[in-house]
Amino acid sequence: MNEDITYRMVLGCKRDDQFDLKAIVEETSFLAGAFNISDFVPSLAALDIQWLTKRMRKVSKTIDQLLEKIIDDHEQVAKTTSGKQGKHEDFVDVLLSLMNQPLNPNDEQVHFLDRTNVKAILLDMLTAAFDTSASSIVWSLSELLRHPRVMKKLQKELQTVVGMDRMVEETDLPKLDYLNMVVKESFRLHPVGPLLVPHESIEDIAIDGYDIPKKSRIIVNIWSIGRDPSVWSENVEEFYPERFMNNNIELRGHDFQLIPFGSGRRGCLGLQLGLTTVRIVLAQLVHCFNWELPTGMLPQDLDMSEKFGLSMSKAKHLLAKPTYRLL
Ligand code: HEM
């Protein structure tokens, strides 16, 4: 489902079965976050002893073919619909409309965007959008399966606010306070970007007695912040959404104890979309279905190990049996 949403949202088209987007994005994220010994011993780079460069070349060729095809298709459609009224424009169309525009009216040679830039932006959006929402939903549902009390309470809220004769809609989301707390609690324990993306300090600064010079590479470990008892309290390892009951801690980057989307200028630009996707999909899964773990498995036995990469997903797939529950 997430693959379909991403295709439509970023590429403005239906899924192309010729390409396995999930595998492409997973391989790209793995390679981007992989430990590369040549970063520390540059003289080994030419040997490519971990075969990372070889794999990167292979995946980059596949990505290029996919993006070239998407751009070609959009250019074809643009030619045939040019000048027609009511033409629907998607994200790729907007980027293409900016392609080859002069950045400076007095200098025709320097362009705002070229074809390579367009492909890079599309790849950035695909990798940033694809795994993040899906992983967050899997983590949240897994925590609900491990905590039947929370699952029941959430189902009760959905039953009261939405009823049992229709599905949850986006307009219901502001009324679903407990859902909001469940999602925050899940992001606290399982941020899909545990180290955000590397930032750079723009001025000299001292934090807690440590001097950090201007232009330092800054890695913010939000995974640790989310599990720091001095920030949250003693029951920090427990999945307990009620901790958000009487406070205004938000996910938008103002409350530094909870920044799963980062903060500031380089924070996630898909925050609103990602958050809405996680909330609506989780709400529908919990509202439409009762969930059971495989026979004999107890909630506390559910494996919650993490797979570390550029994004942090669950190491083992979640297996659970749904039973439809709406009227
Ligand atoms: C639950 C879903 C998502 C989560 C948890 C998430 C999380 C993040 C995080 C932690 C960062 C790095 C921020 C920083 O270092 O300060 C980021 C960056 C980014 N995200 Fe998301 N994201 C999600 C969904 C999306 C979606 C749906 C899109 C696009 C439609 C998107 C586009 C981006 C982009 C383009 C950046 C890079 C921004 C920059 O470097 O300027 N994200 N995201």
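The values are calculated or read from the model by the stated rules, or taken from the named source; none is laboratory data. In this text the structure is predicted, and so the values were computed from the model without any measurement. Quick reminder, even Gly has a Cβ in these numbers, built from the backbone with ideal geometry, and neighbours come from all protein chains shown.
The table below gives the values:
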{"item": "Count of region 114-135 residues which are free of Cβ contacts under 8 Å to residues at least 24 places away in the same chain, among the hydroxyl-bearing types (Ser, Thr, Tyr) and near the ligand (Cβ under 8 Å from one of its atoms)", "result": "0"}
{"item": "Boolean, residue 31 is in contact (Cβ under 8 Å) with a residue 60 or more places away in the chain and either among the acidic types (Asp, Glu) or in contact with a helix residue (DSSP H, G or I) (Cβ under 9 Å, 6 or more places away or on another chain) (or both)", "result": "no"}
{"item": "Test for residue 231: is it surrounded by fewer than 16 Cβ atoms within 10 Å (Cβ to Cβ) and under 21 Å from residue 185 (Cβ atoms)", "result": "yes"}
{"item": "Residue match in region 230-244 (condition: in a loop (DSSP other than H, G, I, E, B), at pLDDT 95 or above and aliphatic (A, V, I, L, M))", "result": "yes"}
{"item": "Residue among 182, 150, 197, 192 that is assigned to a loop (DSSP other than H, G, I, E, B), in the same structural domain as residue 319 (by the TED database), buried (at least 19 other Cβ atoms within 10 Å of the Cβ) and among the hydrophobic types (A, V, I, L, M, F, W, C)", "result": "192"}
{"item": "Given (1) buried (at least 16 other Cβ atoms within 10 Å of the Cβ); (2) within 16 Å of the ligand (Cβ to nearest atom); (3) assigned to a loop (DSSP other than H, G, I, E, B), index of the condition residue 223 fails", "result": "(3)"}
{"item": "Enumeration of residues in region 16-33 that are surrounded by fewer than 16 Cβ atoms within 10 Å (Cβ to Cβ) and closer than 23 Å to residue 138 by Cα", "result": "20, 22, 23, 32, 33"}
{"item": "Criterion violated by residue 43 - all others in (1) surrounded by 13 or more Cβ atoms within 10 Å (Cβ to Cβ); (2) out of contact with any helix residue (DSSP H, G or I) (no Cβ under 6 Å at 6 or more places or on another chain) satisfied", "result": "(1)"}
{"item": "Complete set of residues in region 66-80 that are surrounded by 13 or more Cβ atoms within 10 Å (Cβ to Cβ) and farther than 24 Å from residue 23 by Cα", "result": "75, 77, 78"}
{"item": "Selection from region 17-57 of residues that are over 26 Å from the mean Cα position of the chain (by Cα) and of a type in the set (Gly, Ala, Ser)", "result": "38, 43, 45, 46"}
{"item": "Some residue of region 292-311 being within 11 Å of the ligand (Cβ to nearest atom) and surrounded by 14 or more Cβ atoms within 10 Å (Cβ to Cβ)", "result": "yes"}
{"item": "Per-region count, region 1-60, residues modelled with pLDDT of 90 or more and part of a helix (DSSP H, G or I)", "result": "17"}
{"item": "Some residue of region 140-148 being among the acidic types (Asp, Glu), over 19 Å from residue 252 (Cα atoms) and away from the ligand (no atom under 14 Å from the Cβ)", "result": "yes"}
{"item": "Residue match in region 164-175 (condition: in the same structural domain as residue 253 (by the TED database) and within 16 Å of the ligand (Cβ to nearest atom))", "result": "yes"}
{"item": "The listed residue being surrounded by 14 or more Cβ atoms within 10 Å (Cβ to Cβ), within 16 Å of the ligand (Cβ to nearest atom) and assigned to a helix (DSSP H, G or I), out of 258, 273", "result": "273"}
{"item": "Complete set of residues in region 90-101 that are modelled with pLDDT of 80 or more, more than 16 Å from residue 13 (Cα to Cα) and exposed (fewer than 15 other Cβ atoms within 10 Å of the Cβ)", "result": "97, 98, 101"}
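This table checks each residue for (1) in contact with an Asp or Glu (Cβ under 7 Å, 6 or more places away or on another chain); (2) over 20 Å from residue 178 (Cα atoms); (3) of a type in the set (Val, Ile, Thr).
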{"residue": "239", "(1), (2), (3)": "yes, no, no"}
{"residue": "254", "(1), (2), (3)": "no, yes, no"}
{"residue": "258", "(1), (2), (3)": "no, no, no"}
{"residue": "262", "(1), (2), (3)": "no, yes, no"}
{"residue": "282", "(1), (2), (3)": "no, no, no"}
{"residue": "295", "(1), (2), (3)": "no, yes, yes"}
{"residue": "300", "(1), (2), (3)": "no, yes, no"}
